[in-house]
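What follows is a short report on a single structure.
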Amino acid sequence: MRRTTIMTIVDVVGALADDSLNENMYLIDDNKSNGSLDEATESLKTAVNIGDVVTWTVFSLEPESYVELTKIEIDPQYCVPTIKYYPNSDVCYWEGTILKDLDSVPYSIAVIVGNSDTELITSDGPCFIQALQ
Amino acid sequence: MSQEITVLAIIDTEAALAANSLEGNIYFIDNLRKTGSTGVGTSDLNSMANSSHWATGEQAYEPLFNWLVFPLNGVVPTLPRDYIRNLAKANDNKLMNNIKISHPEHTNPTSKTEGNSDTSPKPITNVQMPKLDFVQTKIRAASGEIRDAGMKLIDREGSFVQATQPDLDYMNHILPRITAITGEAVDKGVLFPAQYGTPLAVDNGWYFSATVSSAVPGIYSYTLHITLYKLEQQNENEYIWEPMCFTHDLKITVVSNPMINGFTWAGLGYLPLPLEEQPIYQTSETFK
């Protein structure tokens, strides 16, 4: 079992200006050596195996601006991400376990940025792929 | 106001320390992608800095660069800067409270056992002490001096790493540091870097910033000096964050284009209102 962190970085000003996450979201994981592809893009392909635990964190490109990860949608037979909080804080992250062997399973990430109430959702979203080992 | 440019460096510290190289393990993101930066999201960033005038020809301020560096293998950087210390303190208090509750005769002078009028506190004996075997860390400064790092080791979910059978694969890496910015852009007076303090909850309150001289258009290289920290076990339950120094080259392109309002794509004087729609002014009628 491996634990993989996926950092979700949002250019909040860019996302507000475009009303889209396209080219305004950067996903980076720490599993490139096991086959993850397209690091630091909206379409990150994270290499996983069954039993792996995946953690998503989110923060904005400018520390002053606000972003919140509101939803991760993925076929529940592969992973059921849930929100968790760091102890003694209201800062959250999302976590899910890979439940089934997979070839390629796409998912989407929804965020709220700035003082907007509207969720922005990845259009050309990330996916999980089978790890090399 | 100045055009604030953030250059974020995200480092896979685990992979970089294993490979002893930043190559392929560092990702740069700036907020100038729409105005012409290239290589955003790669290790080969070329940031575009516009000139310091508006489209109308009016004087604007020089662009201002901020560099922030975070480990990919850590808790999210938005946690308060004293989070780990405060967490340790809260944990200690909780353990002490548990002792008070389970052994009131040692900590509360007013509690009496039957037939005993002595109310003085008893020496603490036979108290079942909780196991306090968390991993404490020290840090080696650039001078070689070893100091207490002032924090217990946590994992990436904020739990303390136990000294017995520590799971170091999932530990929280401490923040890398930018220690200097040098190179052509600095030598030629295009970048004026300095380190500043900030109350923001990032980078322990320190960050590198630089103003850009926009009078000299061109492409200039500069070098970031970055220190990562590698956790080495010295003795049983004694760990030291050892500094490992790296450099990485980046570029900045200074152009004579005017500054741009990111919302209207125009200069100063154009408000961010949709041009095809007339603004609706509120009147007293609106509130009736």
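Bear in mind these aren't lab numbers, they're just calculated from the coordinates by the rules spelled out. Just so it is clear, the structure is predicted and the values come from calculations on it, not from any experiment. Reconstructed Cβ throughout: ideal geometry from the backbone, glycine too, with neighbour counts over all protein chains shown.
Normalised by residue count, the stretch A:1-109 yields a Cα convex hull volume of 106 Å³ per residue.
Which semi-axes, in whole Å and largest first, does the equivalent ellipsoid of the stretch B:1-111 have when worked out from the alpha carbon gyration tensor as the square roots of 5 times its eigenvalues? Before the final figure, lay out the partial values.
Values: eigenvalues 488, 97, 11 Å².
One finds semi-axes of 49, 22, 8 Å for the stretch B:1-111.
Of all DSSP beta bridges in the stretch A:1-98, what percent run antiparallel (nearest 5)? About 65 percent, rounded to the nearest 5. Contact order for chain A, expressed relative to its length and based on alpha carbon pairs under 8 Å spaced 6+ residues apart, stands at 28 percent. For the stretch B:66-81 and the stretch B:172-198, what is the separation of their Cα centres, given in Å? Using only Cα atoms to place each centre, the spacing works out to 17 Å. I need the P(r) histogram for the stretch B:141-190: all alpha carbon pairs, bin width 10 Å from 0 out to the longest distance, whole percents. Calculated over all Cα pairs of the stretch B:141-190, the distribution is 19, 31, 25, 15, 9, 1 percent.
What's the center-to-center distance, using Cα atoms, between the stretch A:58-133 and the stretch B:31-47 in Å? If you average the Cα positions of each part, the centres end up 24 Å apart.
Taking other Cβ atoms within 10 Å as a rough exposure proxy, A:Met7, B:Met48, B:Met244 sort from fewest to most as B:Met244, B:Met48, A:Met7.
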